[in-house]
Amino acid sequence: MLAESVDIPDPLPATMAKTVHPLERRIEPVLDDLPETAPTGDALSVPVSAPANAGSLRSLLAEVALERQAEARAQNAEALRRSIPNGPAAVTPARVIAVVSPKGGVGKSTLCAALAGALGAKGRRLAIDLDPQNALQYHLGVSPDVAGMASASLTGECWNGLLLNGLGATRVLPFGLVCGQERRALERFLEDDAHWLARQLARMDLTADDVVILDTPPGRTLYLEQVLDVADQVIVVITPDAASFMTLDPIDRLLEGPANQAWQRDCHYVVNQFDASRTFCQDMLEVFKRRFGKQLIGVLPLDHAISEGLAFGVNPLLEDEHSSARQEVLAIADALKSPVRTSALAGSRAS
Ligand SMILES: Nc1ncnc2c1ncn2[C@@H]1O[C@H](COP(=O)(O)OP(=O)(O)OP(=O)(O)O)[C@@H](O)[C@H]1O
Ligand SMILES: [Mg+2]
């Protein structure tokens with residue numbers, strides 16, 4: 001946890017190097033408490049020899065509070081520095097798969113959890129939640145009260161100690177619950193270091209037998225940028241409707257990045273919530289097939305047992321061998337073994 005709720009200055013090293021004496025600072029916290037006769041202005045300074053009355057006590061307490069805040073800020077900056085090692089980014093030997101989408105609610109977390117349980121791997125199968133919504137854990141039946149990735153990252157803790165047992169023999173790292181200030185502090189890590197996630201994964205000493213699947217928030221976010229930096233394969237989830245069709249151009253922008261990244265040649269699409277009883281759904285699927293070609297590796301049916309199961313900590317995609325959606329997940333896991341080896345954007349531009 002952070003030492004105290006304070007904003008971490010940006011950029012940290014430069015700001016931390018400058019120590020401002022409390023007497024030079026504005027004392028805003030006591031403005032409201034001062035007697036009406038107190039001087040006002042744009043910068044209220046504490047008098048050096050204030051008279052020994054209630055007003056001066058408030059000023060002295062304000063000084064103490066400012067010093068305490070500065071100390072907490074220094075501790076937070078130190079934690080931040082500890083967890084961002086310098087030097088080139090290490091690369092994990094584990095296979096890393098990212099599940100992304102420009103649009104929310106299409107089934108990223110659902111697919112991420114299901115694939116974590118279905119992927120063939122000799123080693124561990126890790127599902128890591130990089131979405132502050134912190135929902136992946138529910139899909140994998142993990143207790144919601146656990147410490148997560150976000151707060152541990154702020155203190156420089158290695159993620160290995162935080163992994164939990166999830167459904168389908170998965171190992172799960174929830175995003176965790178953090179306050180707004182902690183989240184902003186975490187996002188500064190991501191902003192300051194383009195390889196932050198790569199370093200975190202490298203510290204876990206994973207092997208080439210391990211597979212990591214990453215859940216992301218919708219759209220182009222700092223989390224997505226980190227994920228695209230480290231992924232070997234990317235899966236874009238879309239739904240068979242006009243709203244998803246309208247995100248196809250945003251998908252191109254979503255996946256913009258250096259062409260030398262592995263996933264640029266190994267980018268797949270999955271249509272989720274497909275309702276075969278509706279002609280419109282079938283036609284939308286045809287449109288997507290024409291657009292994505294071989295990059296479209298799966299069509300998950302709309303199955304209310306999936307959404308209802310969430311309410312009861314049950315996941316048919318992981319536990320029900322008779323579910324047709326489960327069979328489709330296994331087929332998607334299988335398809336991921338054979339890279340498509342095409343440009344990530346080739347399909348979407350082929351229309
Ligand atoms: N194939 C499906 N059939 C029925 N319900 C589904 C299916 N896939 C997902 N759902 C339900 O749709 C809802 C949204 O799914 P999910 O949370 O996985 O989407 P998401 O893309 O991760 O959302 P967000 O963008 O908010 O992270 C959930 O209630 C989930 O149970
Ligand atoms: Mg999600």
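Worth pointing out:
- Assuming charge only on the beta carbon of Lys and Arg (+1) and of Asp and Glu (-1), the dipole of region 105-165 about its Cα centre is about 320 debye to the nearest 20.
- Nonlocal amide H pairs with residue 148, under 5 Å, H built at 1.01 Å: 177
- Net length available on complete extension from residue 280 to residue 91 is 63.6 nm, with 0.36 nm assigned per residue and the Cα-Cα distance removed.
- Of the trypsin sites (Lys or Arg not before Pro) found in region 203-268, the ones in coil according to DSSP and having at most 16 other Cβ atoms within 10 Å of their Cβ are 220.
- Packing-based exposure ordering (other Cβ within 10 Å, fewest first) of 151, 143: 143, 151
- Proxy reagent accessibility, fewest Cβ within 10 Å first, across 142, 236: 142, 236
- Sparse-neighbourhood loop sites, chymotrypsin sites (Phe, Trp or Tyr not before Pro) in region 236-343 - DSSP loop, at most 11 other Cβ within 10 angstrom: 312
- By average C-beta atoms within 10 angstrom, highest first, the peptides 327-338, 101-112: 101-112, 327-338
- The Cα atoms of region 95-349 define a convex hull whose projected area, averaged across directions, is 12.8 nm².
- Per-peptide average of other Cβ atoms within 10 Å, ordering 210-216, 225-231, 194-200, 319-325 highest first: 210-216, 225-231, 194-200, 319-325
- Neighbour counting of Cβ atoms within 10 Å sorts the residues 306, 235, fewest neighbours leading, into 306, 235.
- Count, lysine Cα pairs under 23 Å in region 95-349, 8 or more residues apart or across chains: 8
- Additional length obtainable on full extension of the chain from residue 158 to residue 294, 0.36 nm per residue less Cα span: 45.1 nm
None of the figures in this text is laboratory data; all of them are computed from the coordinates on show. In this text the structure is predicted, and so the values were computed from the model without any measurement. No Cβ is skipped: glycine too gets one built from the backbone with ideal geometry, and neighbour counts run over all protein chains shown.
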